[in-house]
Amino acid sequence: MNEAPPYTDSCEHLLDEIGCLELMLRREAQRFRRLRPDDQPEPFRGLFIYEGEVERSLGSQTEPSGDESDAAWGRSIAERRGLIAERRRASQEQGVYLSLPRLAQLFGLTPFEEQLIVICLAPELDSKYGRLYAYLQDDVTRKQPGVELAIRLCAATPHERMRARAAFSRQLPLFKAQLLRHLDSEEPPLPARLLKLDEMVVGYLLEAGGESREFADCCRRITAPVDLRRLRWPQNLKTRLVETVREQLQLRPPASRRLIYHLRGPAGTGKRSLAAAVCHALGVRLLEVDVGELWLRAPDFEESLRRLLREALLQPAAVFLHRFDQLLGDEPKLVSHRLGLARAIDDFSWLTFIATESAWEPQGLFNHHFFARVELPAPNIEARAELWAELTAGQNLFAPDVNWNELAARFRLTPGQMRDALIAARNQALLRGSLPPQTPPEAAPLIGPLIEMNDMEVGCRLQSNQRLGALARKLSPRKGWEDITLPEHAMEQLREICAQVKHRRTVYGEWGFGHKQTLGKGLCVLFYGLSGTGKTLAVEVMARELNLEAFKIDLSTVVSKYIGETEKNLSRVFQEAETGNAILFFDEADALFGKRSEVKDAHDRYANIEIGYLLQRMEEFDGLVILATNLRKNIDEAFFRRMHFAVEFPMPDESHRYRIWKQHLPQSAPVAADIDFDFLSRRVNLAGGNIKSVVVNAAFLAAENSGVIQMKHFLRAVRREYEKIGRLCADTDFAPYHKLLGDRRDGEP
């Protein structure tokens, strides 16, 4: 006796299964003819299937004859099934991949459930099977197999049919894994329900890669190989991640425990790269699921998530859940989604990577599985400098003025953000005309101007502080050191602050001071002095000197009457500022950083909690924070102790006022020769901000009056400024210039 040959591929096997199905359909057609009434009259043509059409669809195969025809059909079908089983065994021995047996193995399907899969697959291959199903169900609209028809095809006796009903339970793999589903919107009795094979399962069986809409919109296969050895994480961590999975896969029998790695870190730290590298080392695929996008698009989030994880099992592939932060929160809907995810992982996913930026505890969701937390912090200064060198190695695209160490010190970018910054810098250079449009980024060397330091700064800024503008106002630093007038001691302090920011990498990195300090590496500076003495101007000057962005915090968007909201808003401010090393400027800081009071009621207690949170957050912040207040005594002493610098902005003396008067007059302004700056600086004791207002108001008086700024316009503007700030203006103040003011004492022109 010759042994049955193995199948060549899944297609040959499925065609053989369909051939066996046709035998079952012929048997059922013969049964149906015995019970079917004579053909309907001509008016009902089109509302039923003709016998001749059935014969043409089933072909010319000879039917068994005689009273034992049903038994004969049973023997013929059994022989065909036996031959298929022998060829499947031979294929398995020869290592031939067959999709249907593999599907049955993955989900533990019985032979009857496999036959149900074939019955539902047939209409997906040829529409004639839909017409046959409609004929056998005596309804031209029912072109999908119903439960009753499927049972009649596969079960010969009433006892077998009763037992077959159990296969349609929603708790069994066939429906729990959504391999099959019911088409009916309203659930009729079980025998009347129609069945349909999932489109992704059809694609799997035919090895055609069928995809659903949510798969196309929310998933992607990560195919690019990532070398685990080239990633910056500690070698022992990388080795353990891979070995743990291998140990789990080598267990015999396979363990029911699932492996879940929770990768936590800021956006762009390389969570996806680490997962892809682990999978590449294991020789498995990785399927990325955008949880946030799926949540927005899918009409039924949990059902779509189960289908996607089932697809990963079919491929087979590990699962990377991107933007999982969208599911974090205490809302009942989010809690329900997390429970649904845990059930889906339990049913389908053998290796899952959960990526978040926020801390998260599963709280009992994965008690029966292996759940490991992996912290992936943002790179420090030294690591950033090394990453810049690695990302730009071999590219002659950059001008000599590009200083990678300076970029590493100024911008706290993650590896992903660095790559995006390089792309943005190239685009900025193209906008300036530095690079020919047809030149690929990898091309080198280039002719003409290259990517400059300014381009890199623009690219880096585009990756940071993207949401800080909603909570703060960005300052536009146009002033330099020559535009600020302060005592020499205060100027020295400002320059020392700038020097500390510039040399952070040297002190904390190369000299090792960073290892001695876990907190407090940032700079906290207090500016105190009367209004108008130049505190905001000093922030702009320092921002220009350091070439950093400065943001003035809008207290109206930060401070909230609701408990806990102020802390949340401040957390967002600090988190956004850390990315781009931005300067945070809290003007009128005593509103936020005021003294803690004795607790007399709930309001005092929560106010003190806010101050305590600010103390903690300032210690953790790694950048430059500047607090400005008019009254130093209003600042809580705990904040003052944490200040690295406290710079006083005093009222300007006569020499400083003289310089301020001259500074605020543009060279293009028409100024008369009679202006006595010595008199103004000696007799008008105002702060710099008030002097600026006087100069501008005098210019408007001149524009309305003579068209030339004269001494009388300055004097009248001074009088108006005195009235505004509530200061009395004595007659002796302008004694030498009474004639310029005239008899009127109100300063009107």
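Things worth noting here:
- Yes/no for Leu376 being of a type outside the set (Gly, Ala, Ser) and touching a Cys at 6+ places or on another chain (Cβ under 8 Å): no
- The residues in segment 115-165 that are over 19 Å from Pro189 (Cβ atoms), free of Cβ contacts under 8 Å to residues at least 40 places away in the same chain and charged (D, E, K, R) can be counted, and the count is 3.
- Screening Ala470, Ala425 for residues that are within 25 Å of the chain's Cα centre (by Cα) and at pLDDT below 75 leaves exactly one candidate, Ala470.
- Looking across segment 682-727, the residues that are free of Cβ contacts under 8 Å to residues at least 12 places away in the same chain and not in a helix (DSSP H, G or I) come down to Ser706, Gly726, Arg727.
- Failed item in (1) acidic (Asp, Glu); (2) farther than 28 Å from Arg285 by Cα; (3) within 44 Å of the chain's Cα centre (by Cα); (4) open to solvent by 50 Å² or more (accessible area, probe 1.4 Å), with Asp227 passing the rest: (2)
- A single entry from Arg240, Arg252 fulfils the requirement of being open to solvent by 50 Å² or more (accessible area, probe 1.4 Å) and modelled with pLDDT of 90 or more: Arg240.
- Selection from segment 402-416 of residues that are touching a Lys or Arg at 6+ places or on another chain (Cβ under 8 Å) and open to solvent by 60 Å² or more (accessible area, probe 1.4 Å): Asn405
- Count of segment 124-174 residues, restricted to those that are open to solvent by less than 20 Å² (accessible area, probe 1.4 Å) and either assigned to a strand (DSSP E or B) or not aliphatic (A, V, I, L, M) (or both), is 7.
- Residue match in segment 662-669 (condition: among the basic types (Lys, Arg) and touching a residue at least 24 places away in the same chain (Cβ under 8 Å)): no
- Every pair of residues 6+ apart whose Cβ atoms lie under 9 Å, when the first sits in segment 386-397 and is part of a helix (DSSP H, G or I) while the second is among the charged types (D, E, K, R) and exposed (fewer than 14 other Cβ atoms within 10 Å of the Cβ): Glu390/Arg230
- Qualifying position, being open to solvent by 50 Å² or more (accessible area, probe 1.4 Å) and part of a helix (DSSP H, G or I), among Asp330, Asp346: Asp346
- Residue among Leu341, Leu321 that is under 17 Å from Arg220 (Cα atoms), without any contact (Cβ under 8 Å) to a residue 40 or more places away in the chain and not hydroxyl-bearing (Ser, Thr, Tyr): Leu321
- The number of residues in segment 484-501 that are open to solvent by less than 50 Å² (accessible area, probe 1.4 Å) and in a helix (DSSP H, G or I) comes to 8.
- Filtered by the rule that a residue be under 41 Å from the mean Cα position of the chain (by Cα) and either part of a helix (DSSP H, G or I) or among the basic types (Lys, Arg) (or both), segment 99-112 gives Ser99, Leu100, Pro101, Arg102, Leu103, Ala104, Gln105, Leu106, Phe107.
- Boolean, Ser76 is touching a residue at least 40 places away in the same chain (Cβ under 8 Å) and crowded, with 21+ Cβ neighbours inside 10 Å: no
- Of all residues making up segment 517-567, the number that are open to solvent by 20 Å² or more (accessible area, probe 1.4 Å), without any contact (Cβ under 8 Å) to a residue 60 or more places away in the chain and part of a helix (DSSP H, G or I): 4
- For segment 239-255, the tally of residues that are out of contact with any helix residue (DSSP H, G or I) (no Cβ under 9 Å at 6 or more places or on another chain) and in contact (Cβ under 8 Å) with a residue 40 or more places away in the chain stands at 2.
- Some residue of segment 625-645 being modelled with pLDDT of 90 or more and open to solvent by 20 Å² or more (accessible area, probe 1.4 Å): yes
- Subset of segment 385-401 that is under 15 Å from Ala429 (Cα atoms) and among the hydrophobic types (A, V, I, L, M, F, W, C) - its residue that is surrounded by the fewest Cβ atoms within 10 Å (Cβ to Cβ): Ala399
- Taken together, the residues in segment 292-318 that are free of Cβ contacts under 8 Å to residues at least 40 places away in the same chain and buried (at least 23 other Cβ atoms within 10 Å of the Cβ) amount to 2.
Condition check ((1) farther than 25 Å from Arg81 by Cα; (2) out of contact with any Asp or Glu (no Cβ under 9 Å at 6 or more places or on another chain)) across all residues:
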position	(1), (2)
Ala167	no, no
Pro173	no, no
Lys176	yes, no
Leu179	no, no
Glu187	yes, yes
Leu190	yes, no
Arg193	yes, no
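- Every condition in (1) touching a strand residue (DSSP E or B) at 6+ places or on another chain (Cβ under 9 Å); (2) surrounded by 20 or more Cβ atoms within 10 Å (Cβ to Cβ); (3) more than 18 Å from Phe348 (Cβ to Cβ) holds for Ala277 except the one numbered (1).
- Any chance Ala589 is surrounded by 14 or more Cβ atoms within 10 Å (Cβ to Cβ), out of contact with any helix residue (DSSP H, G or I) (no Cβ under 7 Å at 6 or more places or on another chain) and small (Gly, Ala, Ser): yes
- The lone exception for Pro440 - which of (1) under 24 Å from the mean Cα position of the chain (by Cα); (2) modelled with pLDDT under 90 it fails: (1)
- Qualifying residues in segment 470-516 (those that are of a type in the set (Gly, Ala, Ser) and without any contact (Cβ under 8 Å) to a residue 24 or more places away in the chain) - the one farthest from Ile691 (Cα to Cα): Gly512
- Only one entry of Gly59, Gly52 meets the criterion of being at positive phi and at pLDDT below 90, and that entry is Gly59.
The values are calculated or read from the model by the stated rules, or taken from the named source; none is laboratory data. Computed from a predicted model, the values in this text were never measured in an experiment. A quick note on method: Cβ atoms are made from the backbone with ideal geometry, for glycine too, and the neighbour counts reach across all protein chains shown. Quick note on the areas: whole protein, heavy atoms, side chains included, nothing else; ligands and nucleic acids left out. Shrake-Rupley method; radii C 1.70, N 1.55, O 1.52, S 1.80 Å.
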